[in-house]
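Since the structure comes first, as structure tokens, the remarks are kept for the end.
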Amino acid sequence: MADIQENLTEALNRSKSYLLAAARGDQSLFLTYAKEKEDPSTEASAWTGLALSTYADDAALKAALAIKQFLLDSQNQDGGWSTKPGAGRSDWTSAPALMTLRALDQIQTPSKSTAKQSINFAFEYLLDSRYFAKPATRLVTLVSKGSGALNKDRGWPWDPDCFHWIEPTAYALLALQIPKRPERNKVDIELALGKAEDFILDHACKGGGWNHGNDITLGAPLPAYRLTTAEALLALQARKKEAKVEAGLEYLQSWAAKDTSSLSLAMSILALSAYGRDCRREIQFLLARQEKDGNFTANITTTALSTLALSAHLQEKSPLFF
């Protein structure tokens, strides 16, 4: 036990060094998808800010708060975020941006500045950006299935013109519940959360777990995937007693002996840890993937999520746990 803790501590120290070295900018720090890239990434910045918030030292805290400022500065006029500043309309990256902004706003600073107004604005955007069927589709649904079908469960799309999918819905659920469910627009948020959770549960695959979207196509059941199952389980922490959640956990644990991508391993560790399940095999695989400079892959988002996963196991807590 002491050896694994020592290995985790060493890995987290290397990971922190890598993330700090990858940081770009001055007062408004941002991260790119990879160190050799130049364009700022909302997703990479958000996950890195959350990962750095798990460290107690001044350098990590300073960088995390600089990322908070970047998120504030890059928020769009509609309250959401684009894949990168100036990239156009807001999209799915609004969820990790809001989640991280909410978490970082909990950190006490001498200035006592808060992002409350920006956070409330982002809540409005996220509630408004859920999937809504086009008028023609709604008319066909009304005629063929009745008015009750118009109030079906729904989640979030990757893009405003896209269908709703498991992953962006999972991120939005995390954003609305971390660090805790907000009091603002409580009725609207509770309704959105309930419908989104039901959407994920309704699309569980046969045998447990989740695909990217539908569980059945043209009458044929679709397979579940490790990554999407882990993301769905993280988002469903408020519904732990559901049979489909239990089946999803059993499915995720069936992957324990398989060394897949760093991203899928990191998400699996986070999901299993959130439910108190054993993830020692996944930890071993992920530790073996870390390079000498601290990265778990060239993708900075993956290194940030790997940092969050290892930190959650070592500290037995995480900003991603409800």
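Rule-based calculations on the coordinates, nothing more; no lab input. These figures come from a predicted structure and were not determined experimentally. Methodologically, a virtual Cβ is constructed for each residue, glycine included, from the backbone with ideal geometry; neighbour enumeration extends over all protein chains shown.
Looking across segment 293-322, the residues that are polar (S, T, N, Q), in contact (Cβ under 8 Å) with a residue 60 or more places away in the chain and assigned to a helix (DSSP H, G or I) come down to THR301, THR303, SER306, THR307, SER311, GLN315.
Just wondering, is there one or more residues in segment 245-252 that are under 18 Å from the mean Cα position of the chain (by Cα), within 21 Å of ALA11 (Cα to Cα) and not aromatic (Phe, Trp, Tyr)? No: zero hits. Would you check if there is a residue in segment 277-290 being without any contact (Cβ under 8 Å) to a residue 60 or more places away in the chain and within 25 Å of LYS84 (Cβ to Cβ)? Within segment 277-290, none of the residues are without any contact (Cβ under 8 Å) to a residue 60 or more places away in the chain and within 25 Å of LYS84 (Cβ to Cβ). If you go through segment 164-184 and pick out every residue that is over 19 Å from GLN117 (Cβ atoms), in a helix (DSSP H, G or I) and not acidic (Asp, Glu), you end up with 9. The condition (being of a type outside the set (Phe, Trp, Tyr), buried (at least 21 other Cβ atoms within 10 Å of the Cβ), outside any loop (DSSP other than H, G, I, E, B) and touching a residue at least 24 places away in the same chain (Cβ under 8 Å)) is satisfied by just one residue among ALA238, ALA232: ALA232. Within segment 76-108, being within 16 Å of the chain's Cα centre (by Cα), part of a loop (DSSP other than H, G, I, E, B) and of a type outside the set (S, T, N, Q) holds for GLY80, TRP81, ASP91, TRP92.
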